[in-house]
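This report refers to the structure that appears directly beneath it.
The values are calculated or read from the model by the stated rules, or taken from the named source; none is laboratory data. Quick caveat: nothing in here was measured; it's all calculated off a predicted structure. No Cβ is skipped: glycine too gets one built from the backbone with ideal geometry, and neighbour counts run over all protein chains shown. When the accessible area is computed, the model is the full protein with side chains, heavy atoms only, and any ligands, DNA or RNA have been set aside. Shrake-Rupley method; radii C 1.70, N 1.55, O 1.52, S 1.80 Å.
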Amino acid sequence: MIVDLPDTTVSNISKTLVKIREEGGAVALGRVLTLIIATHLGQEEEAIEAANDASREHPMRVIVVSTEEERSHNGEGRLDAQIRVGGDAGASEVIVLRAYGETASDEEGLVTGLLLPDAPVVVWWPGIAPAKVSHSPLGRIATVRITDASAQPNPQEALYHLAETYAPGDTDFAWTRLTLWRAQLAAVLDQPPYEPITSVEVAGAADSPSTLLLAAWLRLQLQVPVQYDLASRAVGSGGIHGVRMERASGTIELEREVPNVARLSQPGQPSHDLSLPRRSLRDCLAEELRRLDPDDLYGEVITQGLGLLETTDEGAGARA
């Protein structure tokens, strides 16, 4: 069910939610958190779809704050709202706030009266994020603040900016997309012959911040030289291309040359293919919502690991 509320107020939205609850049952019972999605007008639906899918694992209230990309502070303020419940909202209830003019300048005020009581607040910026998310109006009220470096104009520079402005509770989908890669690499090193790694090379697309974070994680965990190559090794492919780890017995290679499948090669063993797909927004969001405390490892990687990296000529050029 979708209820449209043109030119409305937060108070009227809250009253309408109560009315819907009384008529259709206690739809808010069992909600474990409030997810706020901060985006621009016309860019809401992909994020809402991901939130609806993730809500089947994490029942929640979703509040979408949608503002004009070029905000006009002189225009007449107006708030249009839409409430989605039932089949149009997955296992959540979705409140879409489309704010115009001066109304858009008070994002915190727009959502305060709609938050679930005594439930943690997560804020997600699917597109361009504030300069310092923890100090932004929505970031100040959040337990977890999710950004996406790959959605920024310069993904590599965005990571270094996140490192400079990091606060506990910050996280980024560039890190979440690494979960499968980190699990595979850790599994390889848990097998004989248990020799120390002497050097590492990570390769990926020039617009892949996850490649840089994977290199930083390996540098921090293995304490060996790590080079990252952001040249386009596989024409037309995106994301992480592969990892090469050197040790006394030979080279370990985990290479993704085709979408969703990576080939693992190790000395003395036959090569075999592994499922290693690029993760969807739904998968990344669902993973981030499984833990609502600060991700200390991400904090260490982005604030310490990035500064320890060595670069190839291509990698250095990509950041420049």
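Just one of ALA158, ALA205, ALA174 is modelled with pLDDT under 95 and touching a helix residue (DSSP H, G or I) at 6+ places or on another chain (Cβ under 8 Å); which is it?
Checking each option against the conditions leaves just ALA205.
Given the options SER134, SER210, name the one that is in a helix (DSSP H, G or I), buried (at least 23 other Cβ atoms within 10 Å of the Cβ) and touching a strand residue (DSSP E or B) at 6+ places or on another chain (Cβ under 7 Å).
It is SER210.
Could you figure out which of (1) open to solvent by less than 50 Å² (accessible area, probe 1.4 Å); (2) at pLDDT below 95; (3) within 24 Å of ALA54 (Cβ to Cβ) isn't true of GLY77?
Status for GLY77: all satisfied but (3).
Taking only segment 262-280 into account, find how many residues are at pLDDT 95 or above and under 30 Å from LEU35 (Cβ atoms).
0
Just need a number here: residues in segment 252-267 that are in a strand (DSSP E or B), open to solvent by less than 40 Å² (accessible area, probe 1.4 Å) and farther than 26 Å from ALA149 by Cβ.
Going through segment 252-267 one residue at a time, the tally reaches 3.
Report, by residue number, each residue of segment 166-187 that is open to solvent by less than 20 Å² (accessible area, probe 1.4 Å) and either in a helix (DSSP H, G or I) or among the polar types (S, T, N, Q) (or both).
The answer is THR171, PHE173, ALA174, TRP175, THR176, TRP181, LEU185.
Just one of the numbered conditions (1) closer than 12 Å to ILE252 by Cβ; (2) free of Cβ contacts under 8 Å to residues at least 12 places away in the same chain is not true of ASP190; which one?
Condition not satisfied by ASP190: (1).
Suppose we keep only residues that are over 15 Å from GLU246 (Cα atoms) and touching a Ser or Thr at 6+ places or on another chain (Cβ under 7 Å) within segment 215-232. Which one would you say is surrounded by the most Cβ atoms within 10 Å (Cβ to Cβ)?
The selected residue is LEU230.
GLU157 fails exactly one of the following numbered conditions: (1) touching a residue at least 60 places away in the same chain (Cβ under 8 Å); (2) more than 22 Å from the chain's Cα centre (by Cα); (3) open to solvent by 60 Å² or more (accessible area, probe 1.4 Å). What is the number of that condition?
Only one criterion in (1) touching a residue at least 60 places away in the same chain (Cβ under 8 Å); (2) more than 22 Å from the chain's Cα centre (by Cα); (3) open to solvent by 60 Å² or more (accessible area, probe 1.4 Å) is unmet by GLU157, namely (2).
Evaluate the following for GLU45: is it within 26 Å of SER280 (Cβ to Cβ), open to solvent by 50 Å² or more (accessible area, probe 1.4 Å) and within 17 Å of the chain's Cα centre (by Cα)?
Answer is yes for this residue.
Any residue that is under 19 Å from GLU195 (Cα atoms), modelled with pLDDT under 95 and of a type in the set (Ser, Thr, Tyr) - is there at least one of those in segment 249-261?
Yes - at least one qualifying residue is present in segment 249-261.
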